[in-house]
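Asker: One structure, as structure tokens, below. Some questions next.
The values are calculated or read from the model by the stated rules, or taken from the named source; none is laboratory data. Source: prediction; values computed, not measured. Please note: Cβ atoms are built from the backbone with ideal geometry, for glycine as well, and neighbour counts cover all protein chains shown.
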């Protein structure tokens, strides 16, 4: 833990002196289902209620799977798509530290950021489930008739603030264990004030990690949605098989 604090302090020295997968197929299938339900009077036709229930269930399965996946050890750190790295604006600082033999400390700082995100990920599922359960028929039909990112956007619009409020204190607590937030803020507040600094770095480490954690969460939820629409084995209930096909 002390080494990570030393790493953050080293960032200060170097900085000072160095001066969301497409949903198109799924949505198209949803439109077809709506048309079939409207135009087919047979016993196999789906009602709007069944369609919306199927959509809700798909999102519940997807969001639960995403939360479980990300809250395990290496849920973020082991996934190269969503792994939280140093901010791109800090790449020069990172490269300099690695060049002077502090690569291990950089790696430990990156590990700390990802472990903090993994600690927070367990908070996601209940928030997602609440947003899904309160979805109206109009909301659901809007998602099915919307663009390629309609489902993801629905969850983002309904849950981002709640997720931020839930993730931030958990992430802050995890980072504070290694004094990362304190030193990061001091480091990059000074760095950003330098006249030679054009690409400013967010001095709020907790905010940065929270933002990246939520971005990775939505990427993972969308991946789970795609499994349901593309892979029959991912349709784990009778309703999902009925709505999305066996």
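Asker: Before we move on, is residue 131 in contact with a helix residue (DSSP H, G or I) (Cβ under 6 Å, 6 or more places away or on another chain), within 22 Å of residue 154 (Cβ to Cβ) and modelled with pLDDT of 85 or more?
Answerer: yes
Asker: Here's something else I'd like to know. If you check residue 116 against the conditions, is it more than 22 Å from residue 174 (Cβ to Cβ), at pLDDT 90 or above and not in a loop (DSSP other than H, G, I, E, B)?
Answerer: no
Asker: Within region 1-111, considering only helices (runs of 4 or more DSSP H) that don't extend past its boundaries, which have at least 3 residues that are modelled with pLDDT of 80 or more and surrounded by 13 or more Cβ atoms within 10 Å (Cβ to Cβ)? Steps first, please.
Answerer: Working: elements: 2-18, 24-39, 48-70, 91-99.
Fully inside region 1-111 and qualifying: 48-70, 91-99.
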